[in-house]
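The block underneath contains the structure these notes are about, expressed in structure tokens.
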Amino acid sequence: MAGINSTGRRNMTVQKRKTFVLCSLSVIALLLLGVRVGYLMIFCSEHYTELATDLHERERDIKAARGRIIDSTGTVLADNKTVCTISVIHSQIEDPETVIEVLSRELGLSEEYVRKRVEKYSARERIKNNVEKAVGDKIRSLDLAGVKVDEDYKRYYPYGSLASKVLGFTGGDNQGIIGLEVSYEEYLTGTKGKILTLTDAKGIELDGMGERRREPEAGKDLYVSLDINIQQYATQLAKQAYETKQAAGVSIIVMNVNNGEILAMVDVPEFDLNDPFTLIDEFQIENVQTENLQTEEGKQEEKKQESTQDLLNKMWRNGCINDTYEPGSTFKIITAAAGLESGSVTLQDNFSCPGFIIVDDRKIRCHKVAGHGAEDFTHAVMNSCNPVFITVGLRIGAQKYYEYFTQFGLKQKTGIDLPGEAATIMHQPDKIGNVELATISFGQSFQITPIRLMTTVAGLINGGKLVTPHFGVKAVNSDGTIVEEFTYPISEGIVSSDTTEKLRYVLEQVVENGGGKNGYVEGFRVGGKTATSQTLPRGSGRYIASFLGFAPADNPKIMALAIIDTPQGTYYGGQIAAPVVRQLFENVLPYLEEIGYE
Amino acid sequence: MAKRPIKFRSSKHNMDYVLLTVVLFLVGFGLLMIYSTSSYEAAVEHNDSAYYLKKQATSTLLGFVGLVFMTKFPYKLLQKFDVLAIIVSALLIIAVLTPLGVTRNGARRWLNLQFTSFQPAELAKIGVIIYLASIIQRLECVGKNVIRTPKGIAIIFAPPAVIAGLIYIITSNLSSAIIVMGIAIAMLFVAVPDYKWFIIGAVSITVLVFLVVLYVSGADTTDSGFRLARVKAWLEPESYSTDRAFQTLQALYAIGSGGIWGKGLGQSMQKRGFLPEAQNDMIFSIICEELGLFGAMAIIFLFIVLIWSCMIIANKTIDRFGSLLVVGVMAHYAIQVILNIAVVTNTIPNTGITLPFISYGGTSSLFLLMEIGIVLNISKHCK
């Protein structure tokens, strides 16, 4: 068995030494690992603690109040109201039957619906959103274990459908969906607050581990150039025209000629901002029709949803900026400006209108079949005489005309602070022959948006300043400090002041003595131009009647455009659109004088 | 030379109480930490926060019975079982393939003994220690330097290599195979006077590791093998945070968020489901999180004392066999502690190695305590 010989003894000594070496190596390894642990726990501590905290904390957002939208008179157009979100925490419910009974009664929900949510095993189950504060308070006062009432903000529009297409509305997360609510999202939306609670890996909150809280920051109030009085009155006029003329739509825009501020923008039919997802009657009818066309049950449902969304989008469209149209005779202002600016025509140039003009192989008629006879250019404008404008257009020439078209900004979008502005639809410069040029000269064969027309005309009559139409004036903090005053680009010198003077004169003549005399307002100097354009396809009998007016004619400050889409009965712009602007000016001009609007 | 029986002054020497104290402390601390790390998950999964504690306490109790038994059992008798230990270990590992085998977490490593389960790899470790201690002592007796002949090396190395191979192939338990081979190399290291071969071996392994790291860090591991991907995950844990390096990264979070003083006992966040089965291999990271650098250092210090005590006992023992047994046990502890802490701190790639006396695991506790029993027994016979 075990014996100790010399080898053994020698090896025993070796073994002792080597055991010591082995042990020392192990200890050194452990000490090095100790250093590694120390390194991780001291120098990497911050990094890993941060990552771990991220992992452990569950965030719960606290909604921030959205900034209000306030008009130039200080009236709040978009506000917030406090609503409640009711939810249940399964593990904390003590008496499920009472909870189910109370919640279904107070919230007007079916017992079955509430029961399903109360009995579902989840960390937190939402029962209902956007509950009136009174109801929420009542439920809270009952102090039911496991029932949570969280306050929340909901967008509220005190004036309902007023300026609906301009203001826009917000969605479920209080984010802007259309209109100014979208354009100024970054200002209006606040910074969400956070409640950070520690949770385990399954996301279950740990009791008694404390929570951290970051307070929400309210959004900035947006001050806009809209004036509620003008907006309301314009809406009233538009509705009146809409009903009496049984039109497809009526748009009215009121703009400051010199800085592009928009005081009113109406596009009836408008919809209720507090209930934007319900189709208004006008769109309902179409809805029913499409439904009847469907036969298959499932397909019908699908189709219905699809068409409902389409119809909603249609209902939300702002015709003033989202749609283009052929401006018709109002565009003669542009032709006149180009003609005067290029020297192709003077106000005194004499023309003769036989009731038609032949361009290449086409015979283009004047609206007055018998012709206007001999007239100078001033009278041609007053008479809105097509052959004269065609002649002037041809005199300018396609290339030159296209240059002016570009110079007047007509090719580009206005840059208005509303989403979805439509672009101009225009011929390619090399495709403009004489016939095209002739039709362009009196406002046909191309399309622009109403706001584009207005902005360019404003630039022509304000001395050559191409302004950017806009609503946003400034963003203000909830404590009243101004965060930002918005500025908008202006390009100067699109036309000489001389041409401006002439245009003012001749457009005032249109209202004083010409086709726009229905736009005349007692006591004020008003300039303007009417238009009656047949919509495509021609011969459908559908017209767009419009009138563009501005005042005072010698030093324009304010401009209004009224467009009546597809009126029934009389469809001449001078007869149905001009009176709308006249009525508007009769009230608005004294009002603006009174408030000292500049 | 005449053989003569050796007289042991057994009655005059007490066992090494420092070692016993350290072990008792580690075991007690281990139970505390197992409760701390597992109670949250245990309460969720088993509806009993002490579920793992109870199981571990039972095997610890059994372990102490084994410990006391081994302190009384004349250890020299173990030498008679040397070959038998290897054969039994091998057979039990093979038995895992029979219907007795139990699969957990996708690995077939346990034997079902009805009332409990048993991991044969743990028995194999002690079996290899006994075999090697015995065979080295026997070879020494045969003649000078027999141990350094190829035949001698083969006799020493072949059985542990077979055992390690079986463990790796049958139970796909790389870490236990590494431990078995590590024990064998350590025991051979102390038995022969040479350094050269071990230094050459160590240097070549270092170079190999370096080359592998170099290769892997440049390689695209999207469709490469499991082990290679593991190495990649080791090098860049934060880019594999959701899959391969998940556990490692969670352990690093735990260690890092502990700071110097820790969050306090029971305050770990990582054990709340983020670090799965924290009571197993990764328990050291929770110790770091709860007790901070201070606690971690204390544990490392206790293991150093443990290993050092083993070294003292080994070197005080006159009996060659006993001395080698202690060296084997020491090597076993040292390898396991070093590898465990290295894995938890992401110093080496992740391979499942438990922390002796502290990690959850019945079979391992039982045999670790029995090994301590043997060492304590031998300590009574020191000169």
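All of the numbers you see were taken from the coordinates with simple rules; none came from a lab. Here the structure is a predicted model, which means the values were calculated and not measured. Here the Cβ positions follow ideal geometry from the backbone for every residue, glycine too, while neighbour counts run over all protein chains shown.
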The alpha-carbon center of the range B:110-158 and that of the range B:69-83 are separated, in whole Å, by 14
Among A:Val102, A:Ser87, A:Val131, the residue whose Cα sits farthest towards the positive end of the charge dipole of chain A (+1 at Cβ of Lys and Arg, -1 at Cβ of Asp and Glu, taken about the Cα centre) is A:Ser87
Looking at this model, which pairs from A:Lys474/A:Lys557; A:Lys220/A:Lys332; A:Lys400/A:Lys529; A:Lys81/A:Lys165; B:Lys144/B:Lys196 are more than 31 angstrom apart at the alpha-carbon?
-> A:Lys220/A:Lys332
Which of the aspartates and glutamates could be linked to A:Lys502 by a straight reach, that is with a Cα gap under 16 Å, when you skip same-chain ones fewer than 8 residues away?
-> A:Glu341, A:Asp349, A:Asp376, A:Glu512, A:Asp554
Dipole moment magnitude, nearest 20 debye, the protein assembly as shown about Cα centre, only Lys, Arg, Asp, Glu C-beta charged = 8100
Considering Cα pairs under 8 angstrom that are at least six residues apart, work out the relative contact order of chain A and quote it in whole percent.
-> 13
By Kyte-Doolittle mean hydropathy of at least -1.0 and Cα axial length of at least 27 Å, which whole DSSP H helices of chain A are selected?
-> A:6-42
Report the local net charge at B:Gly262: Lys and Arg +1, Asp and Glu -1, summed over other residues whose C-beta lies under 15 Å from its C-beta.
-> 0
Give a quick list of GluC sites (Glu not before Pro) in the range A:384-489 that DSSP marks as loop, anything other than H, G, I, E or B, with at most 16 other Cβ atoms within 10 Å.
-> none
Based on the Cβ-Cβ distance of B:Val212 and A:Asn130, what FRET efficiency does E = 1/(1 + (r/R0)^6) give at R0 = 41 Å, to the nearest 0.05?
-> 0.10
Residue-normalised 222 nm signal for chain A, counting each DSSP H run of n ≥ 4 as -39,500 (n - 2.57), nearest 500 deg cm²/dmol, is -12500 deg cm²/dmol
FRET efficiency for A:Val369 and A:Tyr488, using Cβ-Cβ distance with R0 set to 60 Å, rounded to 0.05 = 0.85
Where does the charge balance sit around B:Asn47 when Lys and Arg score +1, Asp and Glu -1, over other residues with C-beta under 15 Å from its C-beta?
-> -1
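Mind checking B:248-260 for the average number of partner chain beta-carbons within 10 Å of each residue's beta-carbon?
6
Please give the peptides A:250-263, A:341-354, B:31-44, A:19-32 ranked by average Cβ packing (other Cβ atoms within 10 Å per residue), highest first, as a rough proxy for protection.
A:250-263, B:31-44, A:19-32, A:341-354
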With unit charges on the beta carbon (Lys/Arg positive, Asp/Glu negative), name the residue among A:Ser225, A:Gly541, A:Gly527 whose Cα is farthest towards the positive pole of the charge dipole of chain A.
-> A:Ser225
Any idea what the relative contact order of chain B is, in percent, if you count C-alpha pairs under 8 Å spaced at least 6 apart?
-> 28
Going from the fewest other Cβ atoms within 10 Å to the most, one would list A:Lys332, A:Lys368 as A:Lys368, A:Lys332
Order of A:His379, B:His332, A:His427 under a 10 Å beta carbon neighbour criterion, fewest first | A:His427, A:His379, B:His332
Give the relative contact order (percent, whole number) for the range B:226-383; include only Cα pairs under 8 Å separated by 6+ residues.
-> 24
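Pop the C-beta distance of B:Phe198 and B:Asn47 into the FRET formula with R0 = 60 Å and round what comes out to the nearest 0.05. Could the numbers behind the result be given before it?
Numbers: r = 52 Å, r/R0 = 0.87.
Given R0 = 60 Å and the Cβ-Cβ separation, E is 0.70.
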For each of A:Ile563, B:Ile135, B:Ile94, count neighbouring Cβ atoms within 10 Å of the residue's Cβ, then give the residues from fewest to most.
-> B:Ile94, B:Ile135, A:Ile563
Cα centroids of the range A:308-387 and the range A:81-129: how far apart, whole angstrom?
-> 65
222 nm mean residue ellipticity, helices alone, for chain B (DSSP H n ≥ 4; -39,500 (n - 2.57); rounded to 500) | -23000 deg cm²/dmol
So how far, in whole Å, is the C-alpha centre of the range A:234-280 from the one of the range B:262-290?
-> 66
Under the Karplus relation 6.51 cos²θ - 1.76 cosθ + 1.60, θ = phi - 60°, what is the ordered set of whole-Hz ³J(HN,Hα) values for the range A:555-568, x standing for Gly and Pro?
-> 8, x, 10, 10, 9, 10, 10, 10, 10, 10, 8, 6, x, 8
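Mind checking the full-extension length gain between A:Asp554 and A:Glu594? Use 0.36 nm per residue of separation minus the Cα-Cα distance, one decimal, nm.
12.4 nm
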Excluding same-chain residues fewer than 8 positions from A:Lys63, which aspartates and glutamates have a Cα within less than 12 Å of its Cα?
-> A:Asp150, A:Glu151, A:Asp152, A:Asp173, A:Glu215, A:Glu217
Report, ordered by chain and residue number, the lysines lying within cross-link reach of A:Lys120, taken as a straight Cα distance under 22 Å and ignoring same-chain residues fewer than 8 apart.
-> A:Lys128, A:Lys148, A:Lys202
Output for chain A (equivalent-ellipsoid semi-axes, sqrt of 5λ from the C-alpha gyration tensor, Å, descending) is 69, 33, 24
Rounded to the nearest whole number, the Stokes-Einstein translational diffusion coefficient of the range A:24-130 at 10 °C and 1.306 mPa s (Kirkwood radius, C-alpha pairs) in µm²/s is 81
What's the local net charge at A:Gln568, with K and R +1, D and E -1, over the other residues with C-beta under 13 Å away?
-> 0
Any chance you could get the radius of gyration and Dmax over the Cα atoms of the range A:402-500, in Å?
-> 16.8, 61
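Jot down the per residue volume, in cubic angstrom and as a whole number, of the convex hull over the alpha-carbon atoms of the range B:16-100.
About 131 Å³ per residue, rounded to a whole number.
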Please find, in a Gaussian network model of chain B (springs between Cα atoms separated by less than 10 Å), the residue of B:Lys55, B:Lys80, B:Lys151 whose mean-square fluctuation is greatest.
-> B:Lys151
